[in-house]
Amino acid sequence: DSGILSSNIVTSGTSDQIVDFFSSSDWRSANYVVTMNSGSEYHTTQISVLHNGSTAFMTEYGILYSNNNLGTFSVSMGGGYVALNVAPTFSDTTVRMLRTTNK
């Protein structure tokens, strides 16, 4: 089984923020295509996430940005969910993503 979801958010501030999450009991892994912009700055990246039931792991690749890296990504796990987090470089950064999940 697999699932597809697209979403977008606008960050508030530059502290670590959850930009997406999925149920760890429903899905084992997720792949993200992320595009961000802040003013005339642009950034795109791809992220793969996997969990073993207690710990989430990620790798980021294909990072490309116009002038500045617009954020640093991390994953966390708790309460039955895996979360994708970003610490944006600038406030009010728009984060658009396409997520595919797999069992």
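Scaling the Cα radius of gyration of the range 55-97 by the globular reference 2.2 N^0.38 Å produces a ratio of 1.32.
For Kirkwood radius over Cα pairs in Å, the value computed from the atomic coordinates appears in the list (1) 15.8; (2) 15.2; (3) 13.7 under label (3). Counting only protein heavy atoms, what percent of the accessible surface of the chain is carbon or sulfur at a 1.4 Å probe? The value for the chain is 50 percent carbon and sulfur by accessible area. In Å², and per residue, what accessible area does the range 26-103 have when probed at 1.4 Å with the other protein chains present? With the other protein chains kept in place, the range 26-103 gives 49 Å² per residue. In sequence order, the range 68-79 has phi-based couplings of 10, 5, 8, x, 10, 9, 8, 10, 9, 9, x, x Hz under the Karplus curve 6.51 cos²θ - 1.76 cosθ + 1.60, θ = phi - 60°, and Gly or Pro positions carry x.
The slack in the chain from Val33 to Glu60, taken as 0.36 nm per residue of separation less the alpha-carbon distance, amounts to 8.7 nm.
In sequence order, the range 21-37 has phi-based couplings of 8, 9, 6, 6, 7, 8, 9, 8, 8, 8, 10, 10, 10, 10, 10, 10, 8 Hz under the Karplus curve 6.51 cos²θ - 1.76 cosθ + 1.60, θ = phi - 60°, and Gly or Pro positions carry x.
The values are calculated or read from the model by the stated rules, or taken from the named source; none is laboratory data. Model, not experiment: these values are computed from the prediction. Ligands, DNA and RNA are excluded from the accessible area calculation, which covers all protein heavy atoms including side chains. Shrake-Rupley method; radii C 1.70, N 1.55, O 1.52, S 1.80 Å.
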